[in-house]
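Have a look at the structure below, then the notes.
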Amino acid sequence: MSDKKIAVSTQAAPAAIGPYSQAIRVGDTLYASGQVGLDPETGQIVEGGVEQQTVRVFENIKAVLTEAGLGFANVVKTTVFLKNMSDFAAMNAIYATYLAPEGVVPPARSTVAVAALPKDALVEVEIVARDL
């Protein structure tokens with residue numbers, strides 16, 4: 001793999017709405033921008049609460065990983081941003097289904113509470129993944 005910085009982009013995830021890429025691949029490492037619960041077809045936050053938004057977040061991440069030729073087993077680090085830490089348990093249950101199914105080593109993770117997120121989202125997740 002080259003150490004050249006390569007943009008990764010897919011229409012199956014929300015388009016970047018600013019001066020950033022959905023993800024950048026450098027060598028065998030993928031650095032993905034944070035995803036919120038935006039529906040890539042409508043550009044709107046999905047209806048419902050943190051559970052519905054968390055599922056959409058991970059479906060968006062899955063689309064970016066797939067475009068890069070990777071999957072959730074390749075994720076080595078995540079950062080989770082929550083608007084309200086009382087949503088942690090609900091987010092964590094969904095997180096586990098994507099990133100910590102039985103037999104898979106879960107990635108390292110940080111979770112932080114934030115005052116606000118883009119589009120008034122309840123959750124945002126960014127990931128780093130590697131060819132393993």
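Of all the listed residues (54, 66), the sole one being crowded, with 16+ Cβ neighbours inside 10 Å, closer than 23 Å to residue 12 by Cβ and touching a residue at least 40 places away in the same chain (Cβ under 8 Å) is 54. Considering only the stretch 95-119, state which residues are within 21 Å of residue 8 (Cβ to Cβ) and part of a helix (DSSP H, G or I). 98, 99, 118, listed by residue number.
Scanning the stretch 95-132 for residues that are under 24 Å from residue 42 (Cβ atoms) and basic (Lys, Arg) gives a single hit, 119.
Looking only at the stretch 69-117, filter to residues that are surrounded by fewer than 17 Cβ atoms within 10 Å (Cβ to Cβ) and of a type in the set (Ser, Thr, Tyr); which one of those is nearest to residue 26 (Cα to Cα)? Per the criteria, the residue is 79. Within 16 Å of residue 128 (Cβ to Cβ), loosely packed, with under 13 Cβ neighbours inside 10 Å and modelled with pLDDT of 95 or more - does that describe any residue in the stretch 33-47? For the stretch 33-47, residues within 16 Å of residue 128 (Cβ to Cβ), loosely packed, with under 13 Cβ neighbours inside 10 Å and modelled with pLDDT of 95 or more: absent. With the condition kept exactly as written, say whether any residue in the stretch 1-23 is within 22 Å of residue 108 (Cα to Cα) and either among the basic types (Lys, Arg) or surrounded by fewer than 17 Cβ atoms within 10 Å (Cβ to Cβ) (or both). Checked the stretch 1-23: no residue is within 22 Å of residue 108 (Cα to Cα) and either among the basic types (Lys, Arg) or surrounded by fewer than 17 Cβ atoms within 10 Å (Cβ to Cβ) (or both).
The values are calculated or read from the model by the stated rules, or taken from the named source; none is laboratory data. Since this is a predicted model, take the numbers as computed values, not measurements. Heads up, the Cβs are rebuilt from the backbone with ideal geometry, glycines too, and the neighbour counts pull from every protein chain shown.
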